[in-house]
Every structure is written in structure tokens, then in C-alpha cells.
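The values are calculated or read from the model by the stated rules, or taken from the named source; none is laboratory data. Because the structure is a prediction, the values reported are computed rather than measured. Cβ coordinates were reconstructed from backbone atoms using ideal geometry, including for glycine residues, and neighbour counts include every protein chain displayed.
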Amino acid sequence: MLDALFTEAATKTGLSESQVIAALAGALGLIRKHGDPAKVQALLEAVPGTAELAEAGAEAAPKGGGGLFGGLMKAAGGSGGAAMSDALALQNRLQKQNVRSEDLKQLLPVARGFVERKTGRDLLGDTLRSIPGVGGMLGGD
């Protein structure tokens with residue numbers, strides 16, 4: 001099922017499928033770590049393959065944080081700071097694969113639309129909005 005998302009997202013964003021997979025895995029790993037557990041579970045159960053993709057994203061995440069600035073945010077911001085620090089670390093990791101923040105802004109709406117077409121609900125947007133300080137940055141509106 002996710003193969004169709006990867007192909008659609010690559011076509012619409014100009015990213016390669018491997019870049020799409022890396023970005024979505026990272027975003028899902030972040031969502032799984034910081035999103036509302038009930039919303040995360042609903043998303044992962046509704047879309048086959050997302051749990052495995054989230055696991056791959058979590059395993060690929062650096063254990064440190066988003067550098068000096070990310071560390072300061074984590075220390076100062078509670079759960080919102082930790083989520084922001086992890087989002088910055090994800091962004092840094094994806095930049096090494098030539099995936100920019102502009103690419104994420106194109107990619108995540110494609111993923112939201114895909115999930116909504118498959119489930120009839122905006123499960124991805126609902127889950128993103130549950131992440132303090134990061135939901136809007138990741139396309140949760």
C-alpha cells in the first residue's frame with residue numbers, strides 16, 4: 001500500500017523514492033515518539049506498513065539531538081522543546097540526503113491526502129497537530 005504513496009510523492013515532489021522513504025520514515029518516527037499515543041496508534045493501525053516505516057525512522061534517528069540549538073531547545077522547552085529538537089535533528093539528517101525543508105512542505109501534504117483517501121479521515125493531520133511546537137512545522141496546520 002505504501003508503495004503507491006512513495007511513487008505518488010516522488011512524482012509530485014521531484015524527490016527520488018528513496019528520499020521520499022527516508023523523509024516519511026523520519027517524520028513517522030518523530031510522530032511515533034512525540035504524538036498523542038491514541039492518535040499515533042489509530043494512524044499506524046489504519047495504514048498498513050506505517051508502523052514498520054515509523055520503526056525504521058526511529059532506528060535511523062540520531063541519539064543526540066539537533067546540535068547546540070536543538071540541545072538548548074530540549075533543555076528549555078519541556079516536551080515541546082524535545083519534539084522541536086528532534087525535528088531539527090531530522091531536518092539535519094534529511095539535508096544530508098538532499099531533502100530540504102521545502103521538500104518536506106511539499107511531501108507531507110501528499111502523505112496527508114493519501115492517508116485521508118485511504119481511511120476517510122485526516123489521521124496524519126490529527127496526529128501532527130498533537131505534537132507540541134512541531135505539528136504546524138510538519139504540516140499539521
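The residues of segment 40-64 that are more than 17 Å from A27 (Cβ to Cβ) and either in contact with a Gly (Cβ under 6 Å, 6 or more places away or on another chain) or modelled with pLDDT of 70 or more (or both), listed by number, are E45, P48. Tell me whether segment 99-107 contains one or more residues that are modelled with pLDDT of 90 or more, of a type in the set (K, R) and either surrounded by 16 or more Cβ atoms within 10 Å (Cβ to Cβ) or under 15 Å from L128 (Cα atoms) (or both). The answer is no, given that none of the residues of segment 99-107 is modelled with pLDDT of 90 or more, of a type in the set (K, R) and either surrounded by 16 or more Cβ atoms within 10 Å (Cβ to Cβ) or under 15 Å from L128 (Cα atoms) (or both).
Count of segment 16-37 residues, restricted to those that are more than 10 Å from the chain's Cα centre (by Cα) and buried (at least 22 other Cβ atoms within 10 Å of the Cβ), is 3. Scanning segment 30-47 for residues that are aliphatic (A, V, I, L, M), more than 18 Å from Q95 (Cβ to Cβ) and part of a helix (DSSP H, G or I) turns up I31, A38, V40, A42, L43, L44, A46.
Candidates are the residues of segment 2-17 that are free of Cβ contacts under 8 Å to residues at least 12 places away in the same chain and assigned to a helix (DSSP H, G or I); the one that is farthest from T50 (Cα to Cα) is T11.
Does segment 2-13 contain any residue that is more than 13 Å from F114 (Cβ to Cβ), out of contact with any His (no Cβ under 6 Å at 6 or more places or on another chain) and not small (G, A, S)? Don't jump to the end; show me each part of the working.
First, the residues of segment 2-13 that are more than 13 Å from F114 (Cβ to Cβ): none.
Within segment 2-13 (the criterion being more than 13 Å from F114 (Cβ to Cβ), out of contact with any His (no Cβ under 6 Å at 6 or more places or on another chain) and not small (G, A, S)), the answer is no, since none of the residues qualifies.
Can we say A27 is more than 15 Å from Q106 (Cβ to Cβ) and either in contact with a helix residue (DSSP H, G or I) (Cβ under 9 Å, 6 or more places away or on another chain) or part of a helix (DSSP H, G or I) (or both)? Reasoning before the result, please.
Values: more than 15 Å from Q106 (Cβ to Cβ): no; either in contact with a helix residue (DSSP H, G or I) (Cβ under 9 Å, 6 or more places away or on another chain) or part of a helix (DSSP H, G or I) (or both): yes.
The answer is no for A27.
G113 meets all of the listed conditions (1) farther than 21 Å from T11 by Cβ; (2) in a helix (DSSP H, G or I) but one, namely (1). Starting from segment 80-92, keep only residues that are closer than 15 Å to A60 by Cβ and touching a residue at least 24 places away in the same chain (Cβ under 8 Å), then list their pairs with residues that are crowded, with 20+ Cβ neighbours inside 10 Å and of a type in the set (V, I, T) whose Cβ atoms are within a distance under 9 Å, requiring at least 6 positions of separation or different chains. Partner pairs satisfying both residue conditions: D86/V134; A87/I131; A87/V134; Q91/V99. Scanning segment 45-57 for residues that are aliphatic (A, V, I, L, M) and either surrounded by 22 or more Cβ atoms within 10 Å (Cβ to Cβ) or touching a Leu at 6+ places or on another chain (Cβ under 8 Å) (or both) gives A46, V47, A51, L53, A54. Modelled with pLDDT under 95, hydrophobic (A, V, I, L, M, F, W, C) and buried (at least 21 other Cβ atoms within 10 Å of the Cβ): is that true of A75 in this structure? It is false that A75 is modelled with pLDDT under 95, hydrophobic (A, V, I, L, M, F, W, C) and buried (at least 21 other Cβ atoms within 10 Å of the Cβ).
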